[in-house]
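Just below is one structure, and these are the notes that go with it.
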Amino acid sequence: MDYKKHITIVEDWPQEGIRFKDITTLMQNGPAYKKAIMELTAYAKKQQADVIVGPEARGFVVGCPIATELELGFVPVRKKGKLPREVIECDYGLEYGKDCLTIHKDSIQPGQRVVITDDLLATGGTIEATTKLVEQLGGEVVGLAFLIELAYIDGRKKLEQYDIFSLTTYE
């Protein structure tokens with residue numbers, strides 16, 4: 001399927017010069033969204049995932065249906081202060097500053113095979129921080145799965161030690 005037909009490009013959002021890739025139009029199309037989720041699910045199954053992990057918020061709309069389809073658990077990765085139990089955290093760089101991601105300390109068991117999902121691979125910063133959290137808990141990251149990859153930003157370079165699967169790429 002040509003997923004680009006279902007992704008809306010929004011010019012100059014959230015700031016001038018950005019061509020934002022809006023996946024809400026893909027999600028609003030039931031058959032296209034299901035097809036995307038099923039392809040990502042097949043990838044996670046091939047990687048023999050034990051658990052699916054996704055960073056907020058769009059990682060949830062990708063990862064939760066995959067976990068449900070495979071009857072696996074889903075582990076949310078959230079911004080600091082959003083998870084209620086004991087967490088570990090990882091700071092990561094943004095274009096102008098830094099942020100912090102957290103994961104529940106008991107959410108990943110040592111040796112679990114983890115597929116991390118998100119809507120978009122751009123700089124790779126969020127996913128790099130997510131991999132560090134998973135690995136700090138003893139999980140093995142066996143794959144990274146995305147709806148979209150922005151190849152012209154080359155986030156793959158930060159994540160070259162991982163297997164990466166993207167449904168569609170923008171050069």
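Points worth noting:
- One way to sum up the overall shape of region 93-156 is the equivalent ellipsoid from its Cα gyration tensor, whose semi-axes run 22, 15, 8 Å, largest first.
- Filtered trypsin sites (Lys or Arg not before Pro), region 54-95: DSSP coil and at most 15 other beta carbons within 10 Å: K80, K82, R85
- Region 136-171 versus region 83-135: alpha-carbon centroid distance in Å: 13
- For region 101-108, 3J(HN,Hα) per residue [Karplus equation, 6.51 cos²θ - 1.76 cosθ + 1.60, θ = phi - 60°, Hz, x = Gly/Pro]: 10, 9, 9, 4, 4, 9, 7, 10
- Here is the list for region 1-110: chymotrypsin sites (Phe, Trp or Tyr not before Pro) lying in DSSP coil, each with at most 14 other C-beta atoms within 10 angstrom of its C-beta, are Y96.
- Listed by chain and number, the lysines placed with their C-alpha closer than 23 angstrom to that of K35 are K4, K5, K21, K45, K46; residues fewer than eight positions away on the same chain are left out.
Where a number appears in this text, it was derived from the coordinates with a stated rule and is not lab data. From a predicted model like this one, the values you see are computed outputs, not experimental measurements. With ideal geometry, Cβ positions are generated from the backbone for all residues, glycine too; neighbour counts draw on all protein chains shown.
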